[in-house]
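Chemist: Pasting a structure below so you can have a look.
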Amino acid sequence: MNYRHGYHAGNFADVVKHVALVAILLHFRKKDTPFAVIDSHAGRGLYDLSGEMAAKTGEAESGIGKLRDLAPPLPEALDTYLRLAGESGADRYPGSPLIAAKLLRPQDRLVAVEKHPEEAALLAQVLHPFRKASTENADGYARLLKLLPPPERRGLVLIDPPFEATDEFETLARAVQGAYRRFATGTYLIWYPIKSQSAADGFCGEVLAGGMAKALRVETSVAPDTGKMTRSGLLVLNPPYGFDSTMKDVMTLLAPRLGQGGPAQTKVEWLAGEGV
Ligand SMILES: C[S@@+](CC[C@H](N)C(=O)[O-])C[C@H]1O[C@@H](n2cnc3c(N)ncnc32)[C@H](O)[C@@H]1O
């Protein structure tokens, strides 16, 4: 367990993933019915962009750092994301559990699972002010099976593994299928790196073999293959109504800023249901 998200916090992949997270939770908030958020690989919740880790990679500078001067009018999801990110100050960046916690209403709930003990301890401090948010220091994959279905029967499962293990795609696909069997009406936001398009396609195909009725993917490439992580994807199961057009609008605005040496290439496409 060497992965530390501090090296990557606020990079292009975080930006796209966190705007998608905000878009989904804003949609949930349109109805009074309570929702649950399960964040299986939560990280520490708040990252220091002025520290050694961020300085070493400079990734935040080419991610959130490129968006600070975006002017309104903006799509609501992007506007809300930028406001929430700004609340942490210019030198800090909020992770997925802090962003989700800030969007909970009194009737909603967040369970954030983090395996690394130090990261989990920091996360518990970050989430302490949020009464409806809890932290678990545990294996997110194992906990998913216990936490689903949530009693609310309405919610988002965010799965954002570190991809340190060579068989993470296989583990992830199995975990998503197991989770979906327990909670087929939930929305799932699943992050993956794209080192090879065929591996990414294979992963999405493997997940969808579980019989998912609605699946959309959002893929972003910020530069030609440089050996660094320049491409990533989101597989979204049961996306809320209008999520595809929201992400298209957002990516049109973000592509010129996140691209390195030219606009980023983005793709929002249905793999099952709706637009297929
Ligand atoms: C990509 S980071 C998460 C970033 C976070 N979701 C965000 O968007 O701010 C992955 C995290 O998963 C943690 N991790 C690794 N294996 C895990 C497991 N089996 N269960 C839960 N957490 C795990 C790592 O310590 C790391 O903090």
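Chemist: Quick one: count up the residues across the stretch 167-184 that are aromatic (Phe, Trp, Tyr) and open to solvent by 30 Å² or more (accessible area, probe 1.4 Å).
Modeler: Applying the first criterion (aromatic (Phe, Trp, Tyr)) to the stretch 167-184 yields 169, 180, 183.
Within this subset, residues satisfying the condition of being open to solvent by 30 Å² or more (accessible area, probe 1.4 Å) are 169.
Of the residues in the stretch 167-184, 1 are aromatic (Phe, Trp, Tyr) and open to solvent by 30 Å² or more (accessible area, probe 1.4 Å).
Chemist: Could you please give the count of residues in the stretch 105-127 that are open to solvent by 30 Å² or more (accessible area, probe 1.4 Å), part of a loop (DSSP other than H, G, I, E, B) and either of a type in the set (Ser, Thr, Tyr) or more than 9 Å from the ligand (Cβ to nearest atom) (or both)?
Modeler: 3
Chemist: Restricted to the stretch 1-39, and to residues that are crowded, with 24+ Cβ neighbours inside 10 Å and in a loop (DSSP other than H, G, I, E, B), which residue is nearest to the ligand (Cβ to nearest atom)?
Modeler: Among those that are crowded, with 24+ Cβ neighbours inside 10 Å and in a loop (DSSP other than H, G, I, E, B), it is Ala9.
Chemist: Please work out which residue is nearest to the ligand (Cβ to nearest atom), limiting yourself to the stretch 146-165 and to residues that are among the charged types (D, E, K, R) and over 15 Å from the mean Cα position of the chain (by Cα).
Modeler: Looking only at the stretch 146-165, we keep the residues that are among the charged types (D, E, K, R), and these are 146, 152-154, 160, 164.
Cutting the leftovers down to over 15 Å from the mean Cα position of the chain (by Cα) gives us 146, 152-154, 164.
Values: Lys146: 13, Glu152: 21, Arg153: 24, Arg154: 21, Glu164: 7 Å.
Going through the qualifying residues, I end up with Glu164.
Chemist: Another one. Can you tell me how many residues within the stretch 45-79 are away from the ligand (no atom under 16 Å from the Cβ), open to solvent by 10 Å² or more (accessible area, probe 1.4 Å) and in contact (Cβ under 8 Å) with a residue 12 or more places away in the chain?
Modeler: 10
Chemist: Given the criterion small (Gly, Ala, Ser), closer than 22 Å to Asn238 by Cβ and open to solvent by less than 10 Å² (accessible area, probe 1.4 Å), identify the matching residue among Ala42, Ala85.
Modeler: Numbers: Ala85 fails: closer than 22 Å to Asn238 by Cβ.
Every option except Ala42 fails the conditions.
Chemist: Could you list all residues from the stretch 128-143 that are more than 9 Å from the ligand (Cβ to nearest atom) and open to solvent by less than 40 Å² (accessible area, probe 1.4 Å)?
Modeler: Answer for the stretch 128-143, where residues must be more than 9 Å from the ligand (Cβ to nearest atom) and open to solvent by less than 40 Å² (accessible area, probe 1.4 Å): just Ala133.
Chemist: Answer yes or no: is there a residue in the stretch 166-177 that is more than 12 Å from the ligand (Cβ to nearest atom) and within 27 Å of Lys31 (Cβ to Cβ). Working first, answer last.
Modeler: First, pick out the residues of the stretch 166-177 that are more than 12 Å from the ligand (Cβ to nearest atom): 166-167, 169-170, 173-174, 176-177.
Next cut, within 27 Å of Lys31 (Cβ to Cβ) only: 176.
Yes, the conditions are met somewhere in the stretch 166-177.
Chemist: A further question on this structure: Applying the selection to the stretch 185-209, what residues are farther than 14 Å from Ile159 by Cβ, in a loop (DSSP other than H, G, I, E, B) and open to solvent by less than 30 Å² (accessible area, probe 1.4 Å)?
Modeler: Once the filter is applied, which keeps residues that are farther than 14 Å from Ile159 by Cβ, in a loop (DSSP other than H, G, I, E, B) and open to solvent by less than 30 Å² (accessible area, probe 1.4 Å), the stretch 185-209 yields only Ile194.
Chemist: For Ala100, work out the one condition from (1) open to solvent by 10 Å² or more (accessible area, probe 1.4 Å); (2) in contact with an Asp or Glu (Cβ under 9 Å, 6 or more places away or on another chain); (3) assigned to a helix (DSSP H, G or I); (4) more than 9 Å from the ligand (Cβ to nearest atom) it doesn't fulfil.
Modeler: Among (1) open to solvent by 10 Å² or more (accessible area, probe 1.4 Å); (2) in contact with an Asp or Glu (Cβ under 9 Å, 6 or more places away or on another chain); (3) assigned to a helix (DSSP H, G or I); (4) more than 9 Å from the ligand (Cβ to nearest atom), the lone unmet condition for Ala100 is (1).
Chemist: Specify the residue that is farthest from Ala60 (Cα to Cα); the eligible residues are those in the stretch 243-276 that are open to solvent by less than 20 Å² (accessible area, probe 1.4 Å) and among the small types (Gly, Ala, Ser). Break it down into steps so the answer makes sense when it comes.
Modeler: At the first step, the residues of the stretch 243-276 found to be open to solvent by less than 20 Å² (accessible area, probe 1.4 Å) are 243, 247, 250-251, 254-255, 258-259, 264, 272.
Cutting the leftovers down to among the small types (Gly, Ala, Ser) gives us 255, 259, 264, 272.
Details: Ala255: 16, Gly259: 13, Ala264: 16, Ala272: 33 Å.
Per the criteria, the residue is Ala272.
The values are calculated or read from the model by the stated rules, or taken from the named source; none is laboratory data. Every value quoted in this text rests on a predicted model; they were computed, and no experiment measured them. Ideal geometry is used to build each Cβ from the backbone, glycine not excepted, and the neighbour counts take in all protein chains shown. Quick note on the areas: whole protein, heavy atoms, side chains included, nothing else; ligands and nucleic acids left out. Shrake-Rupley method; radii C 1.70, N 1.55, O 1.52, S 1.80 Å.
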